[in-house]
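Engineer: Questions regarding the structure given below will be posed in turn.
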Amino acid sequence: MSQTNTSLLEEVVQWSQETCRQELKSVLPKLTSLHYEAATWNDCLRILKIITEMFLPHIGLSELEDECFSKILPKAVAMFDNMMKEIMNQVGELSSQNTELCAFLRNILQAMVQLIDALSICVRHVGSFEEGLCLDAIRSLPTCILKVLRKTFQHCKDSEIVYCGRLSLVADLLQGLFKEAYSLQKSLLEVLDRISLDSSASDEEVSDIVAVIHSLLDICSIISNLDIALHANTWKFLIKQSLKYQSLVEEQLHHGDIVNSLSDNLLASLHSCVEMAEQIKLAGLQETVQSPEYKLFQKTAKMCRFFANTLVHYIKEFKYFLTKKSSCFHQLYLQIFSKFPPSLCAPSLPTALTGELSASVLVPMDAFLLQLLPLRPFAEVVLEPDVWLSSEHELPHFLMLVNILGQLLSQPEEVMELWYSGSQFPEDTPRLPLFHAIFISFRRCYTERKVPVRLPGVMLKGQAQAEVTLHQHICVQLCASVAVLPPVYFPVLERCLMDAVLQADTPTALLAVDVWCFTARYGTAELCLHHVLLIAQLVKACNSECYQLLHLGLLLRRMVFLMTPSHQLELVAEFSPSKVENLPVWHHVLLRALSQDVRLRVETEIIALMQRVLMEWEDGGYKLGQVDKVNTALGSLLSLLRGHPSPEEQCSLSVVRMITQLWSRMNPSQLQTHLVLQDTLKLLLSATTVVVKNIRPEAISQALLCLEAVVSQKCPDYLLLAALGFLSSLGKIFFPEDCQSQVLPRLSSLFGVLLADKSWLLHQHALEAFSYFAGNTNHEEVISQSLCVEETKTKVINYLSKTLKVLEDVESRLKRLKLEKAVIEQHNKKLESKESGSDKQAAETEAITEPEPSPKRARQETSADEEYERHIQTAQSSLKALHALVESKASMTAPPPSWLKAKLQQLMTLIREITSVRHST
């Protein structure tokens with residue numbers, strides 16, 4: 001600096017305030033010029049202090065920008081940047097031994113504090129004006145100060161890394177620097193808050209306000225971990241300015257960056273709260289509410305609430321500028337709810353702390369969803385048909401859908417249409433109806449259903465809420481929604497219910513059945529009749545092997561209970577039980593669901609049809625080709641017995657007679673050869689179980705004989721399960737002494753084999769059946785003889801004494817359930833993928849199991865051995881049946897017909913002719 005300039009500065013510092021005011025016009029331009037040309041930090045800072053302390057108080061508001069701020073503030077920012085660069089260049093050599101460098105760096109930090117103090121004087125001077133402030137009058141001030149603040153806060157945030165273990169050498173100055181910057185920002189925001197722009201504001205003013213908001217957003221990202229109060233106040237001002245000038249700035253604001261930052265801060269605060277809560281739990285401090293840890297937790301929880309509410313407020317005002325953030329909003333919701341029960345990945349926290357955190361975060365999420373409901377892009381993200389979710393986000397997504405369902409009724413018609421109806425046109429982005437999406441999401445929550453997770457139930461009769469399963473929770477929510485659903489959306493609901501019933505996952509189908517039954521009860525009787533007739537038609541059309549039949553049959557069984565007597569008569573008229581083709585429908589109807597008159601009519605027709613079928617079978621020579629028809633009638637008879645209010649007391653003699661007749665036709669040697677007879681055996685076992693007290697010992701002995709034949713060989717599980725039900729029912733029977741030698745050993749042998757079965761399902765059912773039998777029987781020798789194998793005996797004793805194996809820990813159980821989920825999902829997809837080819841598969845199965853093909857079916861080529869074996873087995877079966885018939889007639893002193901002997905002689909002659917045939921080699 002020249003001697004002349006130095007003399008001017010030395011002279012000026014001696015002036016009084018009055019002299020400064022008088023010489024302002026002549027001296028200020030010289031000082032600002034000197035400040036711009038200053039080559040060193042000391043000179044620059046010295047001149048800046050003279051201007052701000054001595055001359056600034058005398059400058060009017062209208063001259064501030066042009067005469068002062070626009071000339072000195074950019075230079076001040078440049079000087080601050082150079083100081084910061086010098087620190088970064090020199091700090092690597094800093095150490096306690098290098099006193100010279102330490103003093104140099106401390107001098108720079110002190111100079112930075114002084115520069116911020118000079119900027120504070122500028123802000124205070126602007127704030128001293130009482131008249132309305134104009135942004136044009138101080139345009140350089142906020143821009144330059146925010147640049148300095150950003151660099152200051154960033155330096156303080158990175159100080160541990162920058163000074164790398166030598167922070168103690170400058171910590172006091174850094175602390176002072178942060179305090180000065182904190183105070184400067186507070187003063188600046190107060191000044192900016194006094195500025196007001198209207199619709200006539202210039203483009204430059206609007207751009208300046210937008211720049212201020214974006215600069216504050218940058219500062220927010222820096223100070224998030226420095227000071228809670230500063231962070232919160234900066235965000236409050238940012239949002240306040242955005243809303244204050246909403247109509248002016250909404251087209252220019254970086255809305256995506258703002259909501260991203262709010263979301264990140266919300267998640268970071270939530271994560272901090274969770275970590276602190278875990279530490280409090282480990283330290284056992286949750287009861288000490290005055291502990292520093294607990295107070296810090298509360299402060300952080302308040303920040304969670306602040307960010308959640310701020311995000312909701314911002315979305316409310318700018319939602320139509322945020323449509324591209326729909327996927328981010330969806331993920332935010334999922335991430336938040338995955339941190340709280342009942343999510344399986346939620347951390348285990350003290351109940352009180354979980355409650356506080358839930359009130360801070362989860363409560364605002366309801367309002368969060370409410371703001372997003374009108375946005376079509378958000379609906380498209382949430383209702384995407386093939387939405388991919390991680391396992392920990394399946395339940396949160398499901399809870400989101402349930403929450404949306406509960407909020408829709410308060411929405412305008414166009415919003416309900418958006419969510420209830422799904423995509424309507426090919427050009428629309430694919431979007432599932434909400435009900436359909438809920439059923440799909442429930443299906444995916446396999447692990448949560450199995451645990452099971454618990455959710456709050458509804459309050460009943462003034463009783464406090466009880467926790468319920470996922471199924472109960474969603475069932476109540478869906479039924480409540482159906483009760484107030486506008487009629488226009490009922491067709492959509494019906495389609496969604498039908499889709500859910502017809503898919504492969506049985507728990508999901510059961511949920512749909514529950515909701516469907518509520519819909520039928522809540523609606524009109526005519527609606528119920530319409531649904532029942534439709535379901536019955538589907539049941540009738542189903543292949544007996546398809547999985548949908550189970551779901552539809554259950555739905556039909558429950559829906560019939562809801563019909564009026566007159567409508568039940570219409571069902572009987574439409575699907576008369578007197579026709580064989582209608583019997584699949586009556587397999588699934590329980591008699592006790594029907595009114596007395598209808599019940600009597602159905603019972604009479606089914607029994608009459610069964611008698612007619614058996615008579616036709618007998619007249620046809622008991623051909624195996626008619627067994628399917630017998631099985632169909634027998635299935636309806638079984639349904640009749642199971643559905644009767646008191647089957648054992650009310651069972652007619654004709655039913656017992658028919659069951660006994662069928663047992664007399666069951667030939668153990670045919671059961672492995674003709675698989676269709678295994679279906680007959682299964683039905684007979686189940687029917688006999690219901691009326692076992694009315695069955696003669698001879699028929700029971702024949703049943704055990706048949707069981708021995710199939711149990712000793714590989715047979716279907718469904719047949720073994722029916723066998724276990726039958727065996728357990730025999731505990732009610734006391735066998736006469738003359739048949740005990742035949743019955744009891746077979747009983748013991750069968751129980752022994754089934755109790756040793758390696759299949760966990762069959763083994764469990766065997767334990768239950770044996771336990772029931774043992775608790776009721778008078779033949780105690782069967783019990784001991786069934787337990788000859790020590791391993792089997794030990795398992796039965798452990799079961800009866802309720803001895804548990806070592807319980808798996810929670811982590812192992814969850815891991816196992818997740819593995820199960822993958823297997824179940826693969827199985828269900830396999831079932832559904834095969835459904836399109838089910839007709840072909842059924843035809844192939846029928847060709848294999850049907851011993852007497854239809855004349856219209858093309859003849860299948862078989863080997864010579866197979867031909868011989870088939871004819872021999874048929875002849876052998878017929879002769880055995882004839883032998884049994886002759887013996888039974890002889891015991892009743894009724895002689896066989898006179899022509900029988902001649903026919904048998906003819907057969908013997910035919911056998912001799914067959915055996916005498918020789919073939920040339």
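Bear in mind that the values in this text are calculations on the coordinates, not laboratory data. All of these numbers come straight from a predicted model, not from anything done at the bench. Please note: Cβ atoms are built from the backbone with ideal geometry, for glycine as well, and neighbour counts cover all protein chains shown.
Engineer: If amide H atoms are built 1.01 Å from N in the plane of the peptide, which residues on other chains or at least 5 residues away come under 5 Å of the amide H of Val468?
Structural biologist: Those lying under 5 Å, H to H, from Val468 are Leu455, Gly457.
Engineer: Sequence neighbours fewer than 8 away in the same chain don't count; with that in mind, list the aspartates and glutamates whose C-alpha is under 13 Å from Lys693.
Structural biologist: By straight Cα distance, Lys693 reaches Glu648, Glu649.
Engineer: Note down the relative contact order for the chain as a percent, whole number, built from C-alpha pairs under 8 angstrom at least six residues apart.
Structural biologist: 5
Engineer: OK, next. So for the chain, taking the charge dipole from beta-carbon charges (+1 Lys/Arg, -1 Asp/Glu), which of Thr792, Leu817, Thr688 sits furthest toward the positive end?
Structural biologist: Farthest along the dipole direction, towards plus: Thr688.
Engineer: Now for a separate question. To the nearest 20 debye, what charge dipole does the chain have about its Cα centre, counting +1 at the Cβ of each Lys and Arg and -1 at the Cβ of each Asp and Glu?
Structural biologist: So the dipole magnitude of the chain works out to roughly 3140 debye.
Engineer: A follow-up question, please. Find, among the GluC sites (Glu not before Pro) in segment 536-594, those assigned to loop by DSSP (not H, G, I, E, B) with at most 14 other beta-carbon atoms within 10 angstrom.
Structural biologist: For GluC sites (Glu not before Pro) across segment 536-594 that sit outside H, G, I, E and B with at most 14 neighbouring Cβ atoms in 10 Å, the list reads Glu545.
Engineer: Now for a separate question. Below 8 Å between Cα atoms, with a sequence gap of 6+, how large is the relative contact order for segment 30-112 in percent?
Structural biologist: 28
Engineer: Rounded, prolate or oblate: which fits segment 495-584, taking a ≥ b ≥ c as square roots of the Cα gyration tensor eigenvalues, rounded meaning a/c under 1.5, else prolate when a/b beats b/c?
Structural biologist: Oblate, since a/c reaches 1.5 and b/c is not below a/b.
Engineer: Percent relative contact order of segment 264-393, based on C-alpha pairs within less than 8 angstrom and at least six residues apart?
Structural biologist: The normalised contact order for segment 264-393 reaches 32 percent.
Engineer: How far is helix 326-337 tilted, in degrees, relative to the longest principal axis of the Cα atoms in the chain, given as a value from 0 to 90 rounded to the nearest 10?
Structural biologist: 80
Engineer: Please report, in cubic angstrom per residue, the volume enclosed by the convex hull of the alpha-carbon atoms of the chain.
Structural biologist: Each residue corresponds to 298 Å³ of Cα convex hull volume.
Engineer: Also: Explain nothing, just the number: dipole magnitude of segment 31-155 about its Cα centre with +1 on each Lys and Arg Cβ and -1 on each Asp and Glu Cβ, in debye rounded to the nearest 20.
Structural biologist: Value, rounded to 20: 400 debye.
Engineer: Please state, as a whole number in µm²/s, the translational diffusion coefficient that the Stokes-Einstein equation yields for segment 714-801 at 25 °C and 0.890 mPa s, with Rh defined as the Kirkwood radius across alpha carbon pairs.
Structural biologist: The diffusion coefficient I find is 189 µm²/s.
Engineer: Mind checking which lysines have their C-alpha under 24 Å from Lys30, skipping anything on the same chain fewer than 8 residues away?
Structural biologist: Lys49, Lys71, Lys75
Engineer: Given a cut-off of 28 Å, what percent of all Cα-Cα pairs of segment 39-190 lie beyond it?
Structural biologist: Result for the distance tail: 23 percent.
Engineer: Count neighbours as other Cβ atoms within 10 Å of each site's Cβ, and list the trypsin sites (Lys or Arg not before Pro) in segment 683-786 that are DSSP loop with at most 14 such neighbours.
Structural biologist: Of the trypsin sites (Lys or Arg not before Pro), the ones in loops of segment 683-786 whose Cβ has at most 14 other Cβ atoms within 10 Å are Lys714, Lys758.
Engineer: Rounded to the nearest 20 debye, what is the charge dipole size of segment 462-589 about its Cα centre when +1 sits on each Lys and Arg Cβ and -1 on each Asp and Glu Cβ?
Structural biologist: 160
Engineer: Suppose R0 equals 56 Å. What FRET efficiency, 1/(1 + (r/R0)^6) with r the Cβ-Cβ distance, do Lys281 and Ser595 give to the nearest 0.05?
Structural biologist: E between Lys281 and Ser595, to the nearest 0.05, is 0.40.
Engineer: Where the centroid of each part is defined by its Cα atoms, how far is segment 196-214 from segment 79-137 in Å?
Structural biologist: 28
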